Amino acid sequence: GYLQERIRYKAKKHGIEVNPAHSSRECPRCHCTDKKNRRGDVFKCSYCGYHEHADLVAALNILGRLGDKEIRKGMSPSRVKAVLDGRHVGWKLLNDTVTDRTSDEARVVDESPRSASSKSELRSGVQVCTAS
């Protein structure tokens with residue numbers, strides 16, 4: 001408990017508090033927040049297949065939320081989920097997926113995860129348009 005308290009204290013002192021809601025279930029690549037994504041220490045996205053140690057995924061998501069203008073510290077977890085669901089829909093619109101004929105799973109053509117900085121750039125620079 002002491003270490004967690006000190007981390008919270010230092011984070012608040014330096015203005016780096018973020019909302020951690022759904023950070024351990026959010027895929028850092030496609031923003032899918034399916035409950036099946038995390039099983040113990042293993043994270044495997046049920047949508048795009050991204051996999052990594054679950055604690056590392058949560059840390060990447062928290063890092064990616066620094067300076068996030070949509071997800072604020074006091075937001076309810078359901079509101080955070082709504083924002084993440086919107087990002088997942090946007091990611092699906094921007095990325096080509098193909099069906100793996102042997103397993104019928106969707107997989108991403110570009111398998112490399114985005115860095116936290118490009119993730120923030122993607123959030124701020126994307127506009128979804130519909131044809132009229």
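Listing for the model above:
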read-out	value
All helices (runs of 4 or more DSSP H) inside segment 19-132 with 1 or more residues being modelled with pLDDT of 90 or more and surrounded by 12 or more Cβ atoms within 10 Å (Cβ to Cβ)	54-64, 77-94
Cross-chain or 6+ apart pairs with Cβ under 6 Å, segment 1-15 first and touching a residue at least 24 places away in the same chain (Cβ under 8 Å), then in a helix (DSSP H, G or I)	none
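The values are calculated or read from the model by the stated rules, or taken from the named source; none is laboratory data. Since the structure is predicted, the reported quantities are computational estimates derived from the model, not experimental observations. Backbone-built Cβ (ideal geometry, glycine too); neighbour counts: all protein chains shown.
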